[in-house]
Amino acid sequence: MINRGTQSSRRIARERWRVAFAAVNFTAVARVCCAAPFAAVLALVFAACGGADATRDADAPIRRLVVAGGAAGELAVALGRAQDVVGVDLSAARAPGLPLSAPRVGYVRSLPVEGLAALRPDLVLATAEAGPPEALEQLRALGVRVVLLPDGHGLDGALERIAAAGDALFETDRAIAIAEELRRESTAVRAQLPAGVRPTVLWVLQPGGGAPLVGGSNTAADGLIREAGGENAAAALEGWKPMSVEALWAAAPEVIVVASIGTTPGQHGHGSLAKLWPALADSPAARTARVVALEPGALSGGPRHGEHLAALARAIHPSAAGLAVRDAERTASDGPSAKEPVR
């Protein structure tokens, strides 16, 4: 004999499933069916039937967060939401302070719909290059809230991303405080730059393997170089482009920056440069040992923008004593690395 408590529980369970199925956008699921295998479609259906998550609104609290893109990962940490991260893409995973146990969800430019939906996120916070567009459309159709951070270079771009992330995560006060500190850091760096001296700088993104990939105009590298008191030696190019041997000789950069996965931040000598790109071995930068490696996150344009700006400014203007003092102060004030949040 079934007691009343059991009957009541079953009625509640049936009602929850009824509400969940009513919330599913089956038009979106049908659209996915044409392009995805059955197992992926089934995963989407069950993720969408998870209850209230399928009908989230912009004011609902965020307890499950997925971040994609370096700046998105850094902002989740800076805004105090690292403990809510349940998924990260490969670029966001490098952000210091994010939980090491968080599942990987591919790469920001090729996000997997079924993998993300299965995590039941309250919010996907991603940088502007997130995609593909149809994947973002499918996620939104399934009730997943997706926020793309603004695309912009230099200090203004970083401030816009901080503000947008603060709004998306309901951490406006913290975002304002972070933005104010970033403005102070940027102002302090610019105040130490020598007037009228702008060495040419070549930013190389891809170490070895043929012609180096360099940052031309309208790139984050170009914006950071100019903000740090340099001139982009590859400004004649648009975007990220491979540079020929002839163009490398003609560029004659006074400073070379290498910022790629696998590089160790610090000073790189003539020997290592000659092995990577022989055409640069006789450049002014190589002859004066002004070849510097920065971490890949230097171009993320997130809350650590001031730190990366100061590091590049020191590489471009090593004689600026004030920049060296600020570096020593920052190193002394840095605490232990963030621990993985308790989940």
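Brief remarks on what is shown
- Residue match in segment 227-237 (condition: out of contact with any Pro (no Cβ under 8 Å at 6 or more places or on another chain), among the small types (Gly, Ala, Ser) and either open to solvent by 10 Å² or more (accessible area, probe 1.4 Å) or modelled with pLDDT under 85 (or both)): yes
- If you go through segment 276-314 and keep only what is closer than 23 Å to GLY80 by Cβ, open to solvent by less than 20 Å² (accessible area, probe 1.4 Å) and part of a loop (DSSP other than H, G, I, E, B), you end up with GLY301, GLY302.
- Taking first residues from segment 207-224 that are within 18 Å of ALA236 (Cβ to Cβ) and open to solvent by less than 10 Å² (accessible area, probe 1.4 Å) and partners that are among the basic types (Lys, Arg) and at pLDDT below 95, the Cβ contacts under 6 Å between residues at least 6 apart in sequence or on separate chains come to GLY216/LYS241.
- Some residue of segment 110-120 being assigned to a loop (DSSP other than H, G, I, E, B), within 16 Å of the chain's Cα centre (by Cα), under 14 Å from GLY70 (Cα atoms) and touching a residue at least 12 places away in the same chain (Cβ under 8 Å): no
- Of the residues making up segment 246-267, one or more are open to solvent by 60 Å² or more (accessible area, probe 1.4 Å) and at pLDDT 90 or above.
- Restricting LEU193, LEU159, LEU182, LEU125 to residues that are in contact (Cβ under 8 Å) with a residue 12 or more places away in the chain and either in contact with a strand residue (DSSP E or B) (Cβ under 8 Å, 6 or more places away or on another chain) or of a type in the set (Asp, Glu) (or both) narrows the list to LEU125.
- Among (1) part of a helix (DSSP H, G or I); (2) free of Cβ contacts under 8 Å to residues at least 24 places away in the same chain; (3) open to solvent by less than 10 Å² (accessible area, probe 1.4 Å), the one test that ALA71 misses: (2)
- Considered as a group, the residues in segment 79-100 that are closer than 21 Å to ALA220 by Cα and either of a type in the set (Gly, Ala, Ser) or crowded, with 23+ Cβ neighbours inside 10 Å (or both) include one that is modelled with the highest pLDDT, and that residue is ASP89.
The values are calculated or read from the model by the stated rules, or taken from the named source; none is laboratory data. Everything numeric in this text was worked out from a predicted model, so none of it was measured. FYI the Cβ positions are ideal-geometry reconstructions off the backbone, even for glycines, and counts take in every protein chain you see. Remember, those area values only see protein heavy atoms, side chains included, never the ligands or the DNA or RNA. Shrake-Rupley method; radii C 1.70, N 1.55, O 1.52, S 1.80 Å.
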